[in-house]
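Each reported figure results from applying straightforward, stated rules to the coordinates on display, with no laboratory input. All of these numbers come straight from a predicted model, not from anything done at the bench. Cβ placement follows ideal geometry from the backbone for every residue including glycine, while neighbour counts extend to all protein chains displayed.
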Amino acid sequence: MVWTIHHALIDGTSIALILTELWRILSGDPLMAPGIGFVQAIRERHLDEPPARAAFAATLSDETIASAFPAAPAKTHGPMHQTDLTLSMDACDAIRRLAHAAQVTTLTVVQAAWSMLLMRWTGRSGAAFGLVGSGRGRNDRVAGCLVTTVPFQVRMDDIRTFGDLLARLRAQTLQLRPHSHARQTLIRQWSGRQGRAALYDTVLMYQRGTLAARLAADGCGWTDVRLIEEGTALMSLSVHDEGALWLSLEHDAARLPDEVATRILHQMANLLQAMGRADTDTPLSDLTMLDAEEQRHLHALGRPDRPVPDVLPDLASAFEATVARHGDRTAVTEAQTGHSVDFRTLDQQANALAARLVECGIGPQDVVAIALPRSVRQIAAMLATLKVGAGFLLLDLDQSRLSVRPDPPSPCQGHRGRAGHATVDRRTERGDGRRCLPSPRPAATTAGCGQLGLCHLHLRLHRNAQGGSGLNAALSAHAHAMVNAYALTERDAVLQFATPSFDVALEEVWPTLLSGAHVVLRDATPLGSIQGLLDLVRRHGLTVLNLPASYWQQMVADLRDHPRPIPDSLRLLVTGSERVPPAAFREWQRLAPGVRFVNAYGPAEATVTSTLWQGSSLSAGSEVPIGRPAGHARVVLRAPDGTPTPVGGEERS
């Protein structure tokens, strides 16, 4: 027999009741004593609105927690698939002992596991789900749908131990239980949700016993019954407690692949078993849901495909090696003035200034502030500080708060004693230990720099409200990684576009110089128009552009509205610093199919670029990804509790 019925008419308890009655009729047995009618059971429900409103408004106040589970967009509602798993009796006994020690029910432990799983998948600071209750009380003999689903939301960012989480879940469950039959429309109003904003997209149900066990207990001979429920939620987890814990996950296969649903169910089982081995003082981060194979897979994903060697020369030494190979080639050109220098001349200028820095007492652990315009002199000044083992701080002369005095009393500027901030401000008076760095001048001869004591560098960059720090080794590793990632050679010409105080400026300069390629320092023409940028590319035969995503989007829109050819020399376009819209990427692919596209991402704290995505195609509905780790980087996505984000999960900052 196949019996199909809408859930609005009946719930699981009623199914057992009706099947038992039917069995008795067909067997000629007397019917069981009837309970009250369905209408009367509904009428006996009473909702005290003021406390219900207060309870739901408080628990559902933060709608950011009700984050959608990472799944495909809902289009058509397809068939639901079901995956089952049963925990061992030893694991179940351990969970019950833990619940007893914590003075909570097994349901609370199950809630804790589901909450943590959702938090780790969505990257939010808590979890939101629908919590199913029987809605019956003493009315266990009523046929009809009395079941209720309460929107349940729990914050977890201020919780550190497992016991604290169990206590919070128990308190919130007891707080909402008297109001569990409140209408969903009222709850939505009380929560302040606007429009169709979802309160949850997954559902959790806990039941003592199974349908077959209830039928057997009532004397029904039909115990080989399979219940297949199909809801509208993305996922519905049913936990049946009958000696062992039987977990059943129903999911929308059109939005969530079976393989992902199976992983989720196993992660839920892993969490429950970890909880059975824990105590109330266990930190949440110690409760593991990923098995060893998943952890190995995540570790492999977080490592680059082409890592740089563990031991690399420092940046200054690597540059000197480039000078030995390409000394007569053009190293830097100023687009504004047309002034160019070759690698040997640039090295001579840096050596001369490095000697002067040493005379001023500048060395390792010092930070030298460089207040120079975009120029050959600026690059020489950076190189000189690297040669003496010091750090540099590029000051943006376009910032109104900077003031550079024309007649400095001393030839150097730095902060002695420790690596730190160096600033120039109109309010700063003389006599505070700051000194101004002069413009470097070409040296007549080349002085060796081995005696200057090259060592570790503490580098601090300022990007308006952003900043980052790293060692000389990290900056060298980044430069070598970008040479490989961008396939830079001595035949390339790279535009230095970014402002000096933006860390991408370093990526435009140092990988280019280490590869023997040509750095072109831009003038103001790209800022006036996109045509000005294209003219600059043609004039200097530029092969690589690294543009902020907002500027690149203007370029795409301009080329779309006013079609004209991309300069033939351009082979690589790198963009980043913010989200890259998929529509803009697809339009660029149409406009410049022969130009390699790379989406670069990385916080300055990780030494400029950390991940790279080389775009060739993008599936419908997908975002432009940030890609795989660069050669010098390792990437670990972590959930708010510090545990690894599962494959397919979301990381939110």
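Observations, loosely collected:
- Part-to-part distance (alpha-carbon centres) for the range 608-639 and the range 1-15, which is given in Å: 47
- For the range 336-393 and the range 40-113, distance of Cα centres in Å: 62
- Of the Cα atoms belonging to the range 66-214, the radius of gyration and Dmax stand at 16.7, 47 Å.
- In the chain, taking the dipole from charged Cβ atoms about the Cα centre, the farthest positive-side position among VAL109, HIS251, ALA300 is held by ALA300.
- Rh (Kirkwood; distinct C-alpha pairs) - the chain, Å: 29.5
- Shape analysis of the range 1-87 places it in the oblate category; the axes a ≥ b ≥ c from the Cα gyration tensor give an a/c of at least 1.5, with a/b not above b/c.
- Scanning residues 5 or more positions from THR645 or on other chains, those with amide H under 5 Å from its amide H are LEU637, ARG638, ALA639, with H placed 1.01 Å from N in the peptide plane.
- Taken along its three principal axes, the alpha carbon spread of the range 136-212 comes to 43, 36, 22 Å, from the longest extent down to the shortest.
- Projecting the Cα atoms of GLY363, LEU237, GLY615 onto the dipole axis of the chain, where Lys and Arg carry +1 and Asp and Glu carry -1 at the beta carbon, places GLY363 farthest toward the positive end.
- In Å, descending, principal axis extents of the Cα set of the range 585-653: 43, 28, 17
- Per-selection Kirkwood Rh - the range 517-653 (Cα, Å, 1 d.p.): 16.5
- Shape of the range 173-268, Cα gyration tensor, a/c cut at 1.5: oblate
- Ratio Rg/Rh [Cα only; Rh per Kirkwood] for the range 252-323: 1.30
- For GLY391, the residues whose amide H sits under 5 Å from its own are GLN365, ASP366, VAL367, VAL368, HIS458, ignoring neighbours fewer than 5 places away on the same chain, with H placed 1.01 Å from N.
- Taking a ≥ b ≥ c as the square roots of the eigenvalues of the alpha carbon gyration tensor, the range 30-134 is rounded, as a/c is under 1.5.
- Converting phi to 3J(HN,Hα) with the Karplus coefficients 6.51, -1.76 and 1.60 and the offset θ = phi - 60°, the range 33-38 yields 4, x, x, 6, x, 4 Hz in sequence order, with x at every glycine or proline.
- Sites GLU623 and SER285, calculated FRET efficiency, Cβ-Cβ separation with R0 41 Å, nearest 0.05: 0.90
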